[in-house]
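This report concerns only the one structure given below.
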Amino acid sequence: MNVRDSEVICGLLQKAGYRISVTDQDADVIIFNTCSVRKHAEDRVWSLMGSYKGSKIIGLVGCMAQNYKEQAFTRDANISFVVGPQDIDKIPKMLGKILETRGQSPNNGDSPRLLERKIWETEGKLRPEEIYHTDFYQDTNHAYVVISEGCSNFCSYCVVPYVRGPLRHRKHQDILIEIREAIARGITKVTLLGQNVNAYQDNQVNFTKLLGQVNALEGIKEFDFFTSHPKDAGVDSFKAIRDLDKLAKRLHLPLQSGADRILKSMNRGYAVKDYLALIDSYRKIVKGGRLTTDIIVGFPTETDQDFKETCALVKKARFNAAYIFKYSSRPGTEAAKMADELKPGDKEKRHKKILDLQRGISKEIRSRQTDAKN
Ligand code: SAH
Ligand code: SF4
């Protein structure tokens, strides 16, 4: 999601006459497009931003900007502008204003000095559709395409609904136009993006209908989507994976925990048995399809028994791969108010244990596949 947002920002700036520099030394302005999902990601940005020590105009953009708003200026006095994810369309104009105060325009060759003025924009609710049509792609043959923005699920540990706002769906016609534009630029592979793609709905067009429409586009060779939510994913989308010739035979289905008590406390909206039934149905429908997941260890009150249940599920599910995260308390979320967060050392131990377990499984699956090929 952030990679796509960075492209959008680059595209908007380029359209306004700015140039994207290859190295940070060459740049007059440095924009940090940021993630707040875990504290570690935020810490890295604060530290990296600090390393510029007033030599550049610094912009804090994305989820951290939304999280900290004007307080970001107190945390790092070198920041000149702060822009939340719903306000990225305003960046070129803001930057223009910042440079104007110094009598500098984007292309007059002056090197902008540090500003006295601080600007922030974090009140936006909707992104204008135009931002997705600026013709800037990092990759020459693959494009990320946002189908829905925000999230209304409020999993108790997650900051996304707070920083990216409620779930909104883009119009299916707009999505198809964007993909056609990408095809015209030589793109042949597409990844459809949303925090919960299965919930996609634009009038009569639901997620599987949209998949069919993308599959029918001439010029697309392969596409996939990211991320499915177990409470909304189902047989329809699995059949689409089986039947649509350009849709990749893989599914990322975040589990988060293998203990019902923890899943409930996470507000995930499904139980272990539902998850197992879902992957069973996926495997039956999409023969040989890849399956990956996300898991959080050390959620508040997670006992040894809960953790064992997660390990047991990992053994049973035999994921091709899993992203395993140590729980990170996010201010403002429901889980942040819960007592009994695990000690960092205990989280670390569980993280290592389950990582080793999954690595073993991934390796075994890979070697079986190689054997089968030979
Ligand atoms: N919308 C997607 C996930 C978005 S965040 C979904 O529901 O699956 C990506 C992953 O980060 C999540 O699946 C979760 O495993 C992890 N994550 C989110 N918040 C976290 C937190 N506070 N601490 C640790 N991991 C977290
Ligand atoms: Fe966060 Fe849950 Fe929404 Fe995913 S579905 S973005 S984990 S609140």
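Values computed for the structure shown
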item: Set D5, D26: member being more than 16 Å from ligand 2 (Cβ to nearest atom) and either in a helix (DSSP H, G or I) or closer than 22 Å to L99 by Cα (or both); result: D26
item: Condition met for V190 (part of a strand (DSSP E or B), away from ligand 1 (no atom under 15 Å from the Cβ) and buried (at least 19 other Cβ atoms within 10 Å of the Cβ)); result: yes
item: Checking I295 against (1) touching a strand residue (DSSP E or B) at 6+ places or on another chain (Cβ under 6 Å); (2) surrounded by fewer than 18 Cβ atoms within 10 Å (Cβ to Cβ), the condition it does not meet; result: (2)
item: Answer residue from segment 147-156, given it is open to solvent by 30 Å² or more (accessible area, probe 1.4 Å) and within 19 Å of K337 (Cα to Cα) and is nearest to ligand 2 (Cβ to nearest atom) among those; result: N153
item: Residue match in segment 223-239 (condition: within 24 Å of T293 (Cβ to Cβ), among the charged types (D, E, K, R) and touching a Gly at 6+ places or on another chain (Cβ under 9 Å)); result: yes
item: Complete set of residues in segment 224-253 that are touching a residue at least 12 places away in the same chain (Cβ under 8 Å), under 20 Å from I179 (Cβ atoms) and more than 16 Å from ligand 1 (Cβ to nearest atom); result: A240, I241, L244, D245, K246, L247, A248
item: Members of segment 175-196 that are in contact with a Leu (Cβ under 9 Å, 6 or more places away or on another chain) and either aromatic (F, W, Y) or under 24 Å from C158 (Cβ atoms) (or both); result: L192, G194, Q195, N196
item: Residues (of a type in the set (A, V, I, L, M, F, W, C) and under 19 Å from G165 (Cβ atoms)) located in segment 46-75; result: L60, V61, C63, M64, A65, A72
item: Considering residues of segment 36-76 that are closer than 22 Å to K326 by Cα and among the acidic types (D, E) only, the residue least open to solvent (accessible area, probe 1.4 Å); result: E42
item: Test set (1) free of Cβ contacts under 8 Å to residues at least 40 places away in the same chain; (2) under 23 Å from L251 (Cβ atoms); (3) more than 14 Å from ligand 1 (Cβ to nearest atom) - R180 fails condition number; result: (2)
item: Residue count, segment 157-177 (criterion: more than 19 Å from the chain's Cα centre (by Cα) and within 16 Å of ligand 1 (Cβ to nearest atom)); result: 0
item: Residue that is closer than 19 Å to S362 by Cα and over 23 Å from the mean Cα position of the chain (by Cα), where the choices are A277, A271, A317, A259; result: A317
item: Residue count, segment 315-354 (criterion: closer than 30 Å to G289 by Cα, part of a helix (DSSP H, G or I) and open to solvent by less than 50 Å² (accessible area, probe 1.4 Å)); result: 4
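Rundown of residues vs (1) within 16 Å of ligand 2 (Cβ to nearest atom); (2) open to solvent by 20 Å² or more (accessible area, probe 1.4 Å); (3) not hydroxyl-bearing (S, T, Y), yes/no style:
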site	(1), (2), (3)
P254	yes, no, yes
A259	no, no, yes
Y275	yes, no, no
V286	no, no, yes
L313	no, no, yes
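The values are calculated or read from the model by the stated rules, or taken from the named source; none is laboratory data. Predicted, not measured: the structure shown is a model, and the values here were computed from it. When we count neighbours, we look across all protein chains shown, and the Cβ atoms used for this are built from the backbone with ideal geometry, even at glycine. For the accessible areas, the whole protein counts, side chains as well, though only heavy atoms, and no ligand, DNA or RNA atoms are used. Shrake-Rupley method; radii C 1.70, N 1.55, O 1.52, S 1.80 Å.
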